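In what follows, a structure is listed as structure tokens, so that the remarks can point back to it.
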Amino acid sequence: MQVFYGSVINPETLTSYKASSNTLLALSPQGNVEWIAHDIQDSMVQETLLQNGCIDAEVVALKEGQFIIPGFIDTHTHAPQLPNIGLGAQYELLDWLDNITFPMEAKFSDDKFAEAAYSEIVRRIINAGTTTCCYYGSLHLGSTKVLANIVQSLGQRAFVGKCNMDRNAPDYYREDSPETSLQDTKSLIEHIRSLDTGPSGIPLVRPIVTPRFAISCSNPLLSHLGDLVSSDPSLHIQTHVSENKSEIEFTKSLFPECGSYADVYDKFKLLRRNTILAHAVHLEDEEVALIKERQAGISHCPTSNFHLNSGVAPVGKYLDKGIKVGLGTDVSGGYSPSILNAIRNASIASKIRAMQPDTGSLGPFGNKQLSVASLLYLATLGGAQVCDLEDRVGSFSPGKSFDALVVDVRTSMGNPALWGSDSGVAGTKDLDTMLERFLYCGDDRNISMVYVQGKRIGGASR
Ligand code: GUN
Ligand code: ZN
């Protein structure tokens, strides 16, 4: 049995987290958390292990400057757009799709190209600390199968979907008909569900139905997808909503019979508990109420919302309403595959909202700066809720999977100036300080080990 001993940070609520510097955390052979004991002094370790029936446990003792947090959950990204990161800041969404995005995604018609690109891309996302990732593939069945296979072989937890898009896209990058789009979606679902589930018996990689956004889907295609998910309540759904003002206007003109953008998805039976809605920057009040009622989750993608000039999402308002919110990198609308970057921009976005005059009655989060505890929560447990996976991941409690990061603020790989530990400035004993500095200044070099389902799958330390 594997047991960790040291500092563990457990996001519990939006306003606080439990930080304990002397924690024993034991894993089951299936990679789940078996038990946790807090406030265990060095002298009590052996006794506590024996009390819990751990006779020959392998104890991994964390060093000063190291701590464990739950792995990051990226609730929205586009794998075939990684090669484009950093490009396109001069565009808004619809022009950016035509000029930057579709030409790159079209290259994934070539499975060989996809194999090489996705191997690097998924490795990079894992080493950035993302243990669960919601991936958009391209529209191609072949290369999206390749993506799912690579994610599976590298051991990441993920949802993988191929884009459904049969209109309002260039001839070279559009599906032929609603029927072929549906057929390819079914084939991908079948393929992903045939992948090996490993020792836990629970699949790490799951299919997700991915209507790109309302604009790119004809009514017959949305009808087919609505029927598909209605026949299988376990299927997840991901799409975009209310990202950009021109996009919203265009959507309304395409669906005059629908009351709002979110209502389009609702009318086609695509809005439900396991639906992930990316962006939600400009929602109308009725849409907020509808999303809450349907228990769908929102992926807050602040880097992308800034980069593509989309706007500043009122995330505090959504939290006050009790809507599930997680973070998304939305590469390459967002220019970084790291959730740390999304955390920083979520912080700035909340500060911008806080600088605006108060609008109406606000609860504890509306138009206020997000705290460190809330930022960590959004990146972990909030994301788990958006993915409808909060029973499996997002925090550490017995029965949940050990999807975790060992963070090292004093890594010899670089970045030491941030911590100033030798000069005694940073304080590597104070967990709150270490966490705050890591969230605002850390990078991949500080993510020493990445675990999914109790198995080490990446990280900077050799
Ligand atoms: N809406 C439709 N497609 C996309 C995409 O690829 N990125 C973003 N940010 N929004 C979209
Ligand atoms: Zn997106």
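Would you be able to say whether some residue in region 19-36 is open to solvent by 30 Å² or more (accessible area, probe 1.4 Å), away from ligand 2 (no atom under 16 Å from the Cβ), without any contact (Cβ under 8 Å) to a residue 24 or more places away in the chain and assigned to a strand (DSSP E or B)? Yes, region 19-36 contains a residue that is open to solvent by 30 Å² or more (accessible area, probe 1.4 Å), away from ligand 2 (no atom under 16 Å from the Cβ), without any contact (Cβ under 8 Å) to a residue 24 or more places away in the chain and assigned to a strand (DSSP E or B).
Annotation: Leu49 fulfils all but one of (1) in contact with a Leu (Cβ under 7 Å, 6 or more places away or on another chain); (2) farther than 27 Å from Gly297 by Cβ; (3) crowded, with 18+ Cβ neighbours inside 10 Å; the unmet one is (1). Val372 meets the conditions (1) at pLDDT 95 or above; (2) in contact with a helix residue (DSSP H, G or I) (Cβ under 6 Å, 6 or more places away or on another chain); (3) open to solvent by less than 10 Å² (accessible area, probe 1.4 Å) in every case but one. The failed one is (3). Screening the candidates Asp196, Asp232, Asp166 for the property of being touching a helix residue (DSSP H, G or I) at 6+ places or on another chain (Cβ under 6 Å) and part of a loop (DSSP other than H, G, I, E, B) yields one hit, Asp166. Region 260-357 holds helices (runs of 4 or more DSSP H) entirely within its bounds, and those carrying 1 or more residues that are at pLDDT 95 or above and more than 15 Å from ligand 2 (Cβ to nearest atom) map to 261-267, 285-294, 315-321, 339-355.
Within region 246-259, can you find the residues that are touching a residue at least 40 places away in the same chain (Cβ under 8 Å) and either away from ligand 1 (no atom under 13 Å from the Cβ) or assigned to a loop (DSSP other than H, G, I, E, B) (or both)? Of everything in region 246-259, those that are touching a residue at least 40 places away in the same chain (Cβ under 8 Å) and either away from ligand 1 (no atom under 13 Å from the Cβ) or assigned to a loop (DSSP other than H, G, I, E, B) (or both) turn out to be Leu254, Phe255. Taking the criterion of being more than 9 Å from ligand 1 (Cβ to nearest atom) and either touching a His at 6+ places or on another chain (Cβ under 8 Å) or open to solvent by less than 50 Å² (accessible area, probe 1.4 Å) (or both), the residues of region 87-101 that qualify are Gly88, Ala89, Ile100. The set of residues in region 212-229 that are more than 9 Å from ligand 1 (Cβ to nearest atom), closer than 19 Å to Ser260 by Cβ and in a loop (DSSP other than H, G, I, E, B) contains only Cys217.
The values are calculated or read from the model by the stated rules, or taken from the named source; none is laboratory data. Since we're looking at a predicted model, the values are computed, not measured. Because the Cβ atoms are built from the backbone with ideal geometry, glycine has one as well, and the counts that use them run over all protein chains shown. For accessibility, only protein heavy atoms count, side chains too; no ligands or nucleic acids. Shrake-Rupley method; radii C 1.70, N 1.55, O 1.52, S 1.80 Å.
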